[in-house]
Amino acid sequence: VWDITNRWQITAGTRYHHEVKESYFIQPYVHPFLTGLFTLYDPTNPNTRPQFTQTFSDLIPELTVRWEPTDDLPLYEAYKDGFKSGGFSNSAIASNLSPPGYEDFTFEPEKNQGGEVGAKASLVDGSVLATFEMFYYEFEDLQVDYFNSQQFAYVTENAGGSETYGAELQLDWATPIDGLTLSSSVGYLISEFTEFFNFCYVGQTPAQGCPRLPGQTDTQLRQNLEGNTRPAAPKWSGFLAFNYERPLGSALLLGITGNMQFKDETTLSASDPNATYPSYETYDANIRIGSPDGKWQLALIGKNLTDELAIRGAANVPGTGGNTGYDDGFRGDLSGGAIRGREVELEFTWRL
């Protein structure tokens, strides 16, 4: 950290990462009806026990320049590298549908580089704090995990690349009402694959981007997802919240909190760009009473009070749909996990 002047500061650093992984996989049991599809571990056959040794190393630098033109307006610009080591996919399954040599059992490191610029402004005599930032990052060999229904397995593999950019604004206001604070945030995000040849989804036709070459099996069919939105990356998101606290006499403290979160339309699947969920909002609130020193507290907590049913991810259901890669392909069913429904909790806290 270098304080050039009382208004300028440079922070720089680097981290060296070295990792060695030893992994193996066995299936000690396979249902007798499925031994023709899945590979049962045989101690006398090394091919039934895939084993890998992986070594990863990387140097990860970052640099931040901070400037305070005034005491109430710090500005910053940062450059950052990121690194996530590769590994061995615990969700893989050994079957005759797997690529030769168990290629889908391992995945390569993920790297990213980019930066952000931002500002934190103290406004209205310090009662409002505004934070704004813009960011841009490029990812190389992005690690993507999804369910490949034609292979009956979850697969972790590397997309060739992706880019993510956007902006976020957050406001926090200590209102003139004693004990009441308001907060809000809105974010804009574009996150797209720049290079990714992924498995076709079930029933995808050549006209929909899934050409079939002579001799290809269903598990070898690929589609080009360049320009498609990454899963779980809504274009718009944000929240509105309030928190109110006031003493009740000298021995009790009352608190009430509420917030609303919203998400724009979201892509649910890395392999099926048509699997999306529309925008939605959720509402949470709680009311609590306790001692002013925080030693104890009794709280009534409500989450997802409108019982919103929203899907977080989706994948094709095995055995549905068919004729992938042909003109008469027909879509399969989708299944996905939902967010938790309405929850009401009574919580008592005692701190020693």
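The values are calculated or read from the model by the stated rules, or taken from the named source; none is laboratory data. If you're wondering where the values come from, they're calculated on a predicted model, not measured in any experiment. Using ideal geometry, Cβ is built from the backbone for each residue, glycine included, and neighbour counts are taken over all protein chains shown. Heavy atoms of the whole protein, side chains included, go into the accessibility calculation; ligands, DNA and RNA do not. Shrake-Rupley method; radii C 1.70, N 1.55, O 1.52, S 1.80 Å.
Looking at (1) within 30 Å of residue 127 (Cβ to Cβ); (2) assigned to a loop (DSSP other than H, G, I, E, B); (3) touching a Leu at 6+ places or on another chain (Cβ under 8 Å), which one does residue 29 not meet, given that it meets all the others?
(1)
Do you know which of the residues in the stretch 92-137 that are in a strand (DSSP E or B) and among the polar types (S, T, N, Q) is farthest from residue 169 (Cα to Cα)? Outline the logic, then answer.
From the stretch 92-137, those in a strand (DSSP E or B) are 95, 106-107, 110-123, 128-137; that's our starting set.
Next cut, among the polar types (S, T, N, Q) only: 95, 106, 112-113, 122, 131.
On the way: 95: 49, 106: 39, 112: 23, 113: 22, 122: 14, 131: 6 Å.
Per the stated criteria, the residue is 95.
Among 61, 74, which is part of a strand (DSSP E or B), exposed (fewer than 14 other Cβ atoms within 10 Å of the Cβ) and modelled with pLDDT of 90 or more?
On the way: 74 fails: exposed (fewer than 14 other Cβ atoms within 10 Å of the Cβ).
Just a single option satisfies the conditions, and that option is 61.
Every residue in the stretch 258-279 that is part of a strand (DSSP E or B) and either open to solvent by less than 30 Å² (accessible area, probe 1.4 Å) or among the hydrophobic types (A, V, I, L, M, F, W, C) (or both), please.
Narrowing the stretch 258-279 to residues part of a strand (DSSP E or B): 258-263, 266-267, 276-277.
Across the stretch 258-279, the qualifying residues are 258, 260, 262, 266, 267.
Quick one: what pairs do we get from the stretch 212-229, first residue over 12 Å from residue 161 (Cα atoms) and among the charged types (D, E, K, R), second open to solvent by 80 Å² or more (accessible area, probe 1.4 Å) and in a loop (DSSP other than H, G, I, E, B), C-beta under 8 Å, 6+ apart or different chains?
Partner pairs satisfying both residue conditions: 212/326.
Tell me which of these residue 9 doesn't satisfy, since it passes every other one: (1) within 25 Å of the chain's Cα centre (by Cα); (2) in a strand (DSSP E or B).
It is condition (1) that residue 9 fails.
Can you find a residue that is in contact with a Phe, Trp or Tyr (Cβ under 6 Å, 6 or more places away or on another chain) and at pLDDT 95 or above anywhere in the stretch 135-150?
Yes, some residue in the stretch 135-150 is in contact with a Phe, Trp or Tyr (Cβ under 6 Å, 6 or more places away or on another chain) and at pLDDT 95 or above.
Working carefully through the options 182, 189, find the one that is under 20 Å from residue 275 (Cα atoms) and touching a strand residue (DSSP E or B) at 6+ places or on another chain (Cβ under 9 Å).
Numbers: 182 fails: under 20 Å from residue 275 (Cα atoms).
Within the list 182, 189, the selection yields 189.
Within the stretch 202-236, take every residue that is among the hydroxyl-bearing types (Ser, Thr, Tyr) and open to solvent by 40 Å² or more (accessible area, probe 1.4 Å) and give me the one that is farthest from residue 259 (Cα to Cα).
It comes out as 217.
So, in the stretch 108-145, how many residues would count as being of a type outside the set (Lys, Arg), over 22 Å from residue 233 (Cβ atoms) and open to solvent by 40 Å² or more (accessible area, probe 1.4 Å)?
Restricting attention to the stretch 108-145, the residues satisfying the condition of being of a type outside the set (Lys, Arg) are 108-110, 112-119, 121-145.
Of the ones still in play, those that are also over 22 Å from residue 233 (Cβ atoms) are 119, 121-130.
From what's left, open to solvent by 40 Å² or more (accessible area, probe 1.4 Å): 122-126, 129.
Residues flagged as of a type outside the set (Lys, Arg), over 22 Å from residue 233 (Cβ atoms) and open to solvent by 40 Å² or more (accessible area, probe 1.4 Å) within the stretch 108-145 amount to 6.
Consider residue 68 against the criteria (1) closer than 23 Å to residue 131 by Cβ; (2) more than 26 Å from the chain's Cα centre (by Cα); (3) open to solvent by 50 Å² or more (accessible area, probe 1.4 Å): it satisfies all of them except one. Which criterion is unmet?
Result: residue 68 fails condition (3) only.
Enumerate the pairs (first residue in the stretch 177-201 and under 30 Å from residue 320 (Cβ atoms) and open to solvent by 20 Å² or more (accessible area, probe 1.4 Å); second residue anywhere and basic (Lys, Arg) and in a strand (DSSP E or B)) with beta-carbon separation below 7 Å, excluding pairs fewer than 6 apart on the same chain, so at least 6 apart or on different chains.
Here the result reads 197/222, each pair linking the stretch 177-201 to a residue that is basic (Lys, Arg) and in a strand (DSSP E or B).
Which of the residues spanning the stretch 81-102 are modelled with pLDDT of 80 or more and open to solvent by 70 Å² or more (accessible area, probe 1.4 Å)?
Within the stretch 81-102, just 84 meets the criteria.
Can you name the number of the only condition in (1) free of Cβ contacts under 8 Å to residues at least 60 places away in the same chain; (2) in a strand (DSSP E or B); (3) among the hydrophobic types (A, V, I, L, M, F, W, C) that residue 67 fails?
(1)
Restrict the check to the stretch 301-316 and report whether at least one residue is loosely packed, with under 15 Cβ neighbours inside 10 Å, under 28 Å from residue 155 (Cβ atoms) and of a type in the set (Gly, Ala, Ser).
Within the stretch 301-316 (the criterion being loosely packed, with under 15 Cβ neighbours inside 10 Å, under 28 Å from residue 155 (Cβ atoms) and of a type in the set (Gly, Ala, Ser)), the answer is no, since none of the residues qualifies.
Going residue by residue through the stretch 329-341, is there one that turns out to be at pLDDT below 95, under 30 Å from residue 226 (Cβ atoms), touching a helix residue (DSSP H, G or I) at 6+ places or on another chain (Cβ under 7 Å) and not hydrophobic (A, V, I, L, M, F, W, C)?
No, that holds for no residue.
Can residue 288 be described as buried (at least 17 other Cβ atoms within 10 Å of the Cβ), charged (D, E, K, R) and in a strand (DSSP E or B)? Let's see the steps before the verdict.
Numbers: buried (at least 17 other Cβ atoms within 10 Å of the Cβ): yes; charged (D, E, K, R): yes; in a strand (DSSP E or B): yes.
When the stated conditions are applied, residue 288 passes them.
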